[in-house]
Amino acid sequence: MDKKLATQRLVDQFVEMAKIASPSRKEGKFAAYLKKELEALGFSVEFDTAGEKVGGDTGNLIATLPGSKTAEPLMFCCHMDTVLPCEGIQPIIDGDVIRTDGTTILSGDDKAGIAAIVEAIRRIRERKVEHGLLQVVLTICEEVGMYGSKGLDYSKIKAKRAFIFDSSGAIGKIVVQGPAKNVIKAVVHGRSAHAGLSPEKGISAIQVAARAIDKMTLLRIDEETTANLGTISGGMATNIVAEQAEVIAEARSLLNEKLDKQSGHMKECFEQAAREYGAGVDVTIDRSYAAFQLSPDTPAVKQCVEAMQRLGLEPKLQSTGGGSDCNVFNGHGITAVDLAIGMTDVHSKEESIKISDMETVTRLIESIIEHND
């Protein structure tokens, strides 16, 4: 097919995808659309039960295409869900840029990646390029906690190398290191009393939580570690000394030992404040996802670097402070890298992506598949 026509097909499909609303837990309509598209390319498509665990209307989409040659099985991954507002998206094409009309997101995160994967495989099939087994895994509920990849039926995954197209920034960026994250929940138990008649009989859970927070080191801890307070709730009325308060926080670090130290510090602040006031406190620390770090000679990383070099791109291996499906896959023994696709201002009504970047990502995927041994 003529290159301009192929690019136009890519754009048309992205626009079509963008118009299908797929907020977290409501990806079903979009998943049904993608099932038809992938089956038309020869994939067998199935869904797991991950959606049932989170109240969603579909599970993760797992598509498998048998190989025509012996080669390392490869997996290409994006997430199907988007943030809000995503109803009534009307993409506007302005030269080389696709943007929103200012009333919604664009949903390039992550539908630009999905469109590139589908178009790349379509071109591979049209050119009759021999390839190894390919899997396309499109997850649910990534935006609300990576519940799709966490609940994925890994017994259906044959590939041990995954290429995830879910990073903003210039094409060439390869995310090879990401942090682990802990969620810290503290429930402070004070003692209620009438705030006007006998406040001295009470223990304010809110005051205890405030003392704990005042003692904490938060936000940027060092180059590898961050911590943040997310929500605080408690109390019933101004005339009642607050009997209970709840604080939910997080800590992240590229190094597990630093994460453990920061999480322990936050826990100790709550416990010390509780002792000081004679209150009780229950602190739980849950690992949300694991850290990962891939060396430059990791086969999946090398495949990305070589494919980029073939296209005249400059590969840049980087770390990130955010979490993604990439963390979860690496934690399950699948070597996964996250690649930038050029999307900008994601999660906002100013979101946009360049057509030329979408085309480059498509060619990058083609190159990875075509030169896979």
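Within the set of other residues whose C-beta is less than 9 Å from the C-beta of Q272, count the net charge using Lys and Arg as +1 and Asp and Glu as -1.
0
Length gain on complete extension for the stretch V183 to E87, per 0.36 nm per residue less the alpha carbon to alpha carbon distance?
On the way: separation 96, 0.36 × 96 = 34.56 nm, distance 3.08 nm.
Fully extending the segment from V183 to E87 adds 31.5 nm.
Using 12 Å as the cut-off for backbone N distance, which residues of the range 1-37 belong to the label zone defined by a point 7 Å from the Cα of V144 along Cα→Cβ?
Counting only backbone N, you get 23-28.
Mind giving me the FRET efficiency for R220 and E246? R0 is 25 Å, r the Cβ-Cβ distance, nearest 0.05 is fine.
Result of the calculation: an efficiency of 0.50.
Per residue, what volume in Å³ does the Cα convex hull of the chain take up?
Each residue corresponds to 144 Å³ of Cα convex hull volume.
Enumerate the lysines that K156 could reach by cross-link, defined here as Cα to Cα under 17 Å, with residues fewer than 8 away along the same chain left out.
Straight-distance partners of K156: K35.
Let's see if you can work this out: charge +1 on each Lys and Arg Cβ, -1 on each Asp and Glu Cβ, no other charges. What is the dipole magnitude of the range 253-307 about its Cα centre, in debye to the nearest 20?
On the way: 6 positive and 9 negative charges, 14 e Å.
For this selection, approximately 60 debye.
What is the chain's relative contact order, in percent, from Cα pairs under 8 angstrom and six or more apart in sequence? Please list the in-between numbers first.
Details: 876 pairs, mean separation 85.0, N = 373.
Relative contact order here is 23 percent.
Rounding to the nearest 20 debye, state how big the charge dipole of the chain is about its Cα centre with +1 on each Lys and Arg Cβ and -1 on each Asp and Glu Cβ.
In total the dipole reaches around 380 debye.
Determine the calculated [θ] at 222 nm for the chain from helices alone, applying -39500 (n - 2.57) to every DSSP H run no shorter than 4 residues and normalising by the residue count; nearest 500 deg cm²/dmol. Please list the in-between numbers first.
Values: 10 runs with 124 residues, N = 373.
So the calculated ellipticity at 222 nm is -10500 deg cm²/dmol.
What is the packing order of peptides 74-84, 116-126, taking the mean over residues of other C-beta atoms within 10 Å and listing the highest first? Can you show the working numbers first?
Values: 74-84: 24.6, 116-126: 21.3.
My ranking of the peptides, most packed first, is 74-84, 116-126.
Hey, if you put +1 on the Cβ of every Lys and Arg and -1 on every Asp and Glu Cβ in the chain, which of L218, A205, T64 ends up farthest toward the positive end of that dipole?
T64
Rounded, prolate or oblate: which fits the range 1-85 when a ≥ b ≥ c are the square roots of the eigenvalues of the alpha-carbon gyration tensor, with rounded for a/c under 1.5 and prolate only if a/b beats b/c?
oblate
What is the extension gain from Q318 to E370, computed as 0.36 nm multiplied by their sequence separation minus the C-alpha to C-alpha distance, in nm to one decimal?
16.2 nm
Do any trypsin sites (Lys or Arg not before Pro) in the range 293-368 lie in a DSSP loop with no more than 14 other beta carbon atoms within 10 Å, and if so, which?
K349
If the cut-off is a Cα-Cα distance under 13 Å, which aspartates and glutamates reach K349, setting aside same-chain residues fewer than 8 apart in sequence?
Correct list for K349: E87, D101, D109.
Between beta-carbons, use under 10 Å as the cut-off and find the net charge around V144, counting Lys and Arg +1, Asp and Glu -1.
Counting the neighbours of V144, the net charge comes to -2.
Projected onto the charge dipole of the chain (+1 at Lys/Arg Cβ, -1 at Asp/Glu Cβ, origin at the Cα centre), which of G196, P299, M358 gives the Cα projection farthest towards the positive end?
After comparing all options, I get P299.
Enumerate the aspartates and glutamates that K4 could reach by cross-link, defined here as Cα to Cα under 19 Å, with residues fewer than 8 away along the same chain left out.
Straight-distance partners of K4: D12, E16, D94, D96, E119, E126, D357, E359, E366.
Only helices at least 15 Å long along their axis, Cα-based, and averaging 1.0 or more on Kyte-Doolittle count here, so list those DSSP H runs from the chain.
none
Between S348 and Q272, what is the label-point separation in nm under the 7 Å Cα-to-beta-carbon projection?
If labels sit at Q272 and S348, their model points lie 3.8 nm apart.
Between their Cα atoms, which of K36/K160; K150/K185; K36/K354; K158/K302 are more than 22 Å away from each other?
K36/K160; K36/K354
Values quoted throughout were computed directly from the atomic coordinates according to the rules given, and no laboratory measurement underlies them. It should be emphasised that the depicted structure is a prediction, and the values quoted were computed from it without experimental measurement. Cβ atoms come from the backbone with ideal geometry, glycine included; neighbour counts cover every protein chain shown.
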